[in-house]
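For reference, the structure is listed below as structure tokens.
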Amino acid sequence: TLIFYSLSKEWKKEPFLNLVAAAAQFSSLTHVELAIGNAATQDGSMKDVARVFNDDVGVELVSRTGRNPLYKYLQIGCSKAQEQKMLAFARRVVGRPFSNVGMARSIFWPRTSDYKSFFCAELVAAILKEGGLLDQTSNPGAATPQSLHELYRQRAATTANPYVLRQQACTSKL
């Protein structure tokens, strides 16, 4: 599941980096993450969400509920083998740092990804490429949240939040 963050209507409260990313892409989408597979925690949260922020943590795999209304979801299908390849790759790059330079260059002069550091869209594109869901000749360093959204929005099986769908399935079975 691709997870996209969109600027709030109160854009003045957004971090400066989000505003720059949105302006450079001519888009309200400023961040992207990838929930690999459909595994869930006991409370129904998405498990194995690969993401990277401009912080000291770097690439991480986390769980998330996705209850924030500023996130949009595109669920794309894949085989179990593809899922395992993507998850193995994501685990190998955990802790790699965020790249401000890579992010800044992605719009105008994309770098060739070396997988030593990542910005959000580059990380997601690299994982998708590893799983065979992105063309093998593509350059993850040229990805942006908007370009990934455009590429996958027509291919998505559903555009709903998996956490909300699980909660709805739970209550409708009672």
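The values are calculated or read from the model by the stated rules, or taken from the named source; none is laboratory data. Computed from a predicted model, the values in this text were never measured in an experiment. Using ideal geometry, Cβ is built from the backbone for each residue, glycine included, and neighbour counts are taken over all protein chains shown. Accessible surface is based on the protein model in full, side chains and every heavy atom, while ligands, DNA and RNA are left aside. Shrake-Rupley method; radii C 1.70, N 1.55, O 1.52, S 1.80 Å.
Give me the pairs: first residue in the stretch 118-131 and in contact (Cβ under 8 Å) with a residue 24 or more places away in the chain, second residue among the acidic types (Asp, Glu) and outside any helix (DSSP H, G or I), beta-carbon distance under 8 Å, and six or more apart or on different chains, which are they?
Listed pairs, sorted by first residue: CYS120/GLU33; VAL124/GLU33.
Condition check ((1) open to solvent by 30 Å² or more (accessible area, probe 1.4 Å); (2) more than 17 Å from ALA22 (Cα to Cα); (3) assigned to a helix (DSSP H, G or I)) across all residues:
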{"residue": "ARG92", "(1), (2), (3)": "yes, yes, yes"}
{"residue": "ARG96", "(1), (2), (3)": "yes, yes, no"}
{"residue": "ALA104", "(1), (2), (3)": "yes, no, yes"}
{"residue": "ILE107", "(1), (2), (3)": "yes, no, yes"}
{"residue": "ASP114", "(1), (2), (3)": "yes, yes, no"}
{"residue": "ALA121", "(1), (2), (3)": "no, no, yes"}
{"residue": "ILE127", "(1), (2), (3)": "no, yes, yes"}
{"residue": "LEU133", "(1), (2), (3)": "yes, yes, no"}
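What do you reckon, is LYS47 of a type outside the set (Val, Ile, Thr), part of a strand (DSSP E or B) and within 22 Å of SER8 (Cα to Cα)? Spell out the reasoning first.
On the way: of a type outside the set (Val, Ile, Thr): yes; part of a strand (DSSP E or B): yes; within 22 Å of SER8 (Cα to Cα): no.
Considered against the rule, which asks whether it is of a type outside the set (Val, Ile, Thr), part of a strand (DSSP E or B) and within 22 Å of SER8 (Cα to Cα), LYS47 comes out as no.
Which members of the stretch 26-49 meet the condition of being over 14 Å from PHE4 (Cβ atoms) and of a type in the set (A, V, I, L, M, F, W, C)?
As a first pass, look at the stretch 26-49 and keep what is over 14 Å from PHE4 (Cβ atoms): 26, 36-45, 47-48.
Residues satisfying the conditions are PHE26, ILE36, ALA39, ALA40.
Just for the stretch 25-47: of the residues that are over 14 Å from LEU70 (Cβ atoms) and open to solvent by 30 Å² or more (accessible area, probe 1.4 Å), which one is modelled with the highest pLDDT? Break it down stepwise before answering.
Our first condition is that a residue be over 14 Å from LEU70 (Cβ atoms); within the stretch 25-47, this holds for 25-26, 34-47.
Checking which are open to solvent by 30 Å² or more (accessible area, probe 1.4 Å) leaves us with 26, 38-43, 47.
Values: PHE26: 81, ASN38: 85, ALA39: 84, ALA40: 83, THR41: 84, GLN42: 84, ASP43: 82, LYS47: 92.
Ranking the candidates gives LYS47 first.
Looking at the stretch 68-105, which of its residues are within 14 Å of GLU33 (Cα to Cα), of a type outside the set (S, T, N, Q) and touching a residue at least 60 places away in the same chain (Cβ under 8 Å)?
LEU70, TYR71, LYS72, TYR73, LEU74, ILE76
On the given criteria, is THR65 at negative phi, open to solvent by 30 Å² or more (accessible area, probe 1.4 Å), touching a residue at least 12 places away in the same chain (Cβ under 8 Å) and in contact with a Phe, Trp or Tyr (Cβ under 6 Å, 6 or more places away or on another chain)?
Numbers: at negative phi: yes; open to solvent by 30 Å² or more (accessible area, probe 1.4 Å): yes; touching a residue at least 12 places away in the same chain (Cβ under 8 Å): yes; in contact with a Phe, Trp or Tyr (Cβ under 6 Å, 6 or more places away or on another chain): yes.
When the stated conditions are applied, THR65 passes them.
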